[in-house]
Amino acid sequence: MTVRDVVRRYLELAGHEVELVGDGEGALRRFAEREPDLVVLDLMLPGIDGLEVCRRLRSRSAVPVVMLTARGEEEDRIAGLSLGADDYVTKPFSPRELALRVTSVLRRSRVVPVRSSSVLVDGGLRIDVGARSAWLDGRELALTTREFDLLVFFVNNRGVAFDRAELLSRVWGWEFGDQSTVTVHVRRLREKVEADPARPERIVTVWGVGYRYGGGA
């Protein structure tokens with residue numbers, strides 16, 4: 001039994017419908033035919049590599065992406081997260097862990113009923129938590145699942161500084177992991193919610209600590 005078959009088995013046991021595609025071009029073609037709820041993407045693909053597949057997927061969709069990367073390939077992980085991947089698992093990996101990560105990302109990405117109390121506002125930024133959508137100055141923001149969760153967490157905790165380990169625990173639900181994941185997501189989020197990402201006014205750096213949401217009330 002191949003690794004792909006083992007992964008499919010564990011995902012199906014977790015209640016997911018799974019379709020396997022063996023190369024980058026085939027993945028993009030199948031995605032265009034039928035957009036899935038989530039993509040598990042191996043970065044080491046024949047033909048078009050996983051990073052390019054991720055870039056093309058993200059240019060057309062906010063579908064959650066969980067990457068599979070080789071252990072020690074930190075540059076690939078950071079590149080994938082910079083392109084908009086939501087999560088990653090390093091090889092060799094536990095199929096059970098992958099299934100848990102997939103279930104977690106899917107749970108966070110699914111829409112819940114809209115409630116009037118779930119709308120957050122900060123100047124021109126408006127976040128509808130129930131509908132999992134956000135607008136800045138009337139323009140809807142294209143946020144990944146993790147970016148949205150991180151933004152909501154920041155806005156709900158205005159004025160409080162968090163280090164990267166705390167954010168990794170409270171937003172990602174990881175008690176340990178690569179803290180550069182947080183750094184990359186903060187950078188991407190600033191590119192979307194700041195007038196000048198190089199001089200952020202909403203998500204500010206607290207030197208020696210981490211980050212704080214500094215937006216007005």
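A short reminder: the numbers here are calculations on the coordinates, not readings from a lab. Given the structure is predicted, the values throughout are model-derived calculations rather than measurements. Neighbour counts run over all protein chains shown; Cβ positions are idealised from the backbone, glycine included.
Classified by the C-alpha gyration tensor, segment 156-217 has a prolate form. Its axis ratio a/c, with a ≥ b ≥ c, is 1.5 or above, and a/b is larger than b/c. The string of couplings for segment 21-28 from the Karplus curve (6.51, -1.76, 1.60, θ = phi - 60°) is 10, x, 8, x, 5, x, 5, 5 Hz, one whole number per residue in order, with x for Gly and Pro. Computed per residue of the chain from DSSP H runs no shorter than four, each worth -39500 (n - 2.57), the mean residue ellipticity at 222 nm is -12000 deg cm²/dmol.
Averaging over all projection directions, find the projected area of the Cα convex hull of the chain and quote it in nm² with one decimal place. Its Cα hull, projected and averaged over all orientations, spans 12.7 nm².
Positive end of the dipole of the chain (Cβ unit charges, origin at the Cα centre): among Leu100, Trp135, Ile48, the Cα lying farthest that way belongs to Trp135. Taking amide H as placed 1.01 Å from N in the peptide plane, the amide H of Ser133 sits under 5 Å from that of Asp128, each at least 5 places away or on another chain. The amide H of Val65, built 1.01 Å from its N in the peptide plane, has Val39, Asp86, Asp87 as neighbours under 5 Å, considering only residues 5 or more places off or on other chains. Name the most mobile residue of Leu68, Leu41, Leu28, meaning the one with the largest mean-square fluctuation, in a Gaussian network model of the chain with Cα contacts below 10 Å. It is Leu28.
Which of the three applies to segment 75-167, rounded, prolate or oblate, going by the alpha-carbon gyration tensor with a ≥ b ≥ c and a/c under 1.5 meaning rounded?
Cα axes put segment 75-167 in the prolate bin.
With the simple spin-label model, which puts each label point 7 Å out from Cα in the Cβ direction, the Glu35 to Val209 separation comes to 3.9 nm.
Counting Lys and Arg as +1 and Asp and Glu as -1, each charge on the Cβ, what is the dipole of the chain about the Cα centre in debye, to the nearest 20? Provide the component values of the computation, followed by the final result.
Numbers: 33 positive and 33 negative charges, 101 e Å.
Charge dipole, the chain, about its Cα centre: 480 debye, nearest 20.
Among the GluC sites (Glu not before Pro) within segment 166-206, those in coil by DSSP and having at most 12 neighbouring Cβ atoms inside 10 Å are Glu175.
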